[in-house]
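All remarks here apply to the structure that follows.
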Amino acid sequence: MLIVLIGACGGAGAAESPVFDDVQLLRGFARGAGALADAGTTLDSAAIEERLKQAAGKTAVLPQAATPCALGPERSLYDAVVPAVVAVGSVFKCGKCNDWHVGQMASGWIASPDGLVVTNHHVLERADGNRYGVMTSNGEVYGVSEVVAADLVGDAAVIRIDPRGRQLPFLQLGPRAPCGSPVTVISHPKGRFYSLTTGIVSRYHRMWYDDHPNRAKFDVGQTPATWMTITADFAIGSSGGPVFNAAGEVVGMVSRTALGRAAAPGKPPEQPPAGGEQMIFKECVSADTLRSLFAGEPGS
């Protein structure tokens, strides 16, 4: 059974952390996104792909008067921010039955009370023929109505969902986190919804184009984005998950992993020996890239 969170960012006072039923959440997502697909109120992959191109270089506008999810004396970071962390996924029909089935599932986060959601660019590229949906921690599923801003090189995109007249809980962008500072990731690795991992900021860097997840889709003459490497664990399904500082502000977003391998003697580096894995690099969209997607940040 899924315990539903109460209030915009959870109820006041100390409370137990929610218990998530992964199977029920997946079933609920299939039902909810399928109903939106049947009603024609959420975009399909072809429309998303086209609108990603149209949104390249554009910015989203955040409201000037709004209160983001915040920590308190009796509220952990996890409980404070979970209501604004979402699952971004797709559904499809197999052609053998009338049911909608879950396609890919990834992560994302709400950036404004009126329905701006941030996730990776690549999350919106891999669902040919599917319909998209966004699910909040209480199991509510929303349709994707628009792609507002997109950065192919920085692997980030802002989409809009229809909040159906509600004011949604949302997160606030923070400053660039210093190297060595603690960070927390909340995401959905391998369908394990709302998993928390911790680590530190390892470094900031420019990614080599031959190591970029979208390297086949852009001109190598483009200016590379700034990336943040962290030590907190994440896996498939974590893409788009927010990276938090100790204040609960978003200072990055999960993007991808890269495996460091030892070279086999006498062979090229692309032919590593079995068991030659040495290190996994956890690459994240930086706060610099996220800020470039927005105009009119609160307080600016």
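All of LEU196, LEU259 fail the test of being modelled with pLDDT of 95 or more and not in a loop (DSSP other than H, G, I, E, B), apart from LEU196.
Yes/no matrix, rows are residues, columns are (1) modelled with pLDDT of 95 or more; (2) surrounded by fewer than 17 Cβ atoms within 10 Å (Cβ to Cβ); (3) in the same structural domain as PRO68 (by TED's automatic domain parsing); (4) among the basic types (Lys, Arg):
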{"site": "ALA106", "(1), (2), (3), (4)": "yes, no, yes, no"}
{"site": "ASN120", "(1), (2), (3), (4)": "yes, no, yes, no"}
{"site": "VAL134", "(1), (2), (3), (4)": "yes, no, yes, no"}
{"site": "GLY143", "(1), (2), (3), (4)": "yes, no, yes, no"}
{"site": "VAL147", "(1), (2), (3), (4)": "yes, no, yes, no"}
{"site": "VAL153", "(1), (2), (3), (4)": "no, no, yes, no"}
{"site": "ALA156", "(1), (2), (3), (4)": "yes, no, yes, no"}
{"site": "GLN167", "(1), (2), (3), (4)": "no, yes, yes, no"}
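Of all residues in the stretch 65-93, those being under 30 Å from ALA37 (Cβ atoms), small (Gly, Ala, Ser) and not in a strand (DSSP E or B) number 1.
Of the residues VAL185, VAL153, VAL144, the single one that is in a strand (DSSP E or B), of a type outside the set (Phe, Trp, Tyr) and over 14 Å from the mean Cα position of the chain (by Cα) is VAL144.
The values are calculated or read from the model by the stated rules, or taken from the named source; none is laboratory data. Keep in mind that what you see is a predicted model, and the values were worked out from it rather than measured. Here the Cβ is made from the backbone with ideal geometry for all residues, glycine too, and neighbour counts use every protein chain on show.
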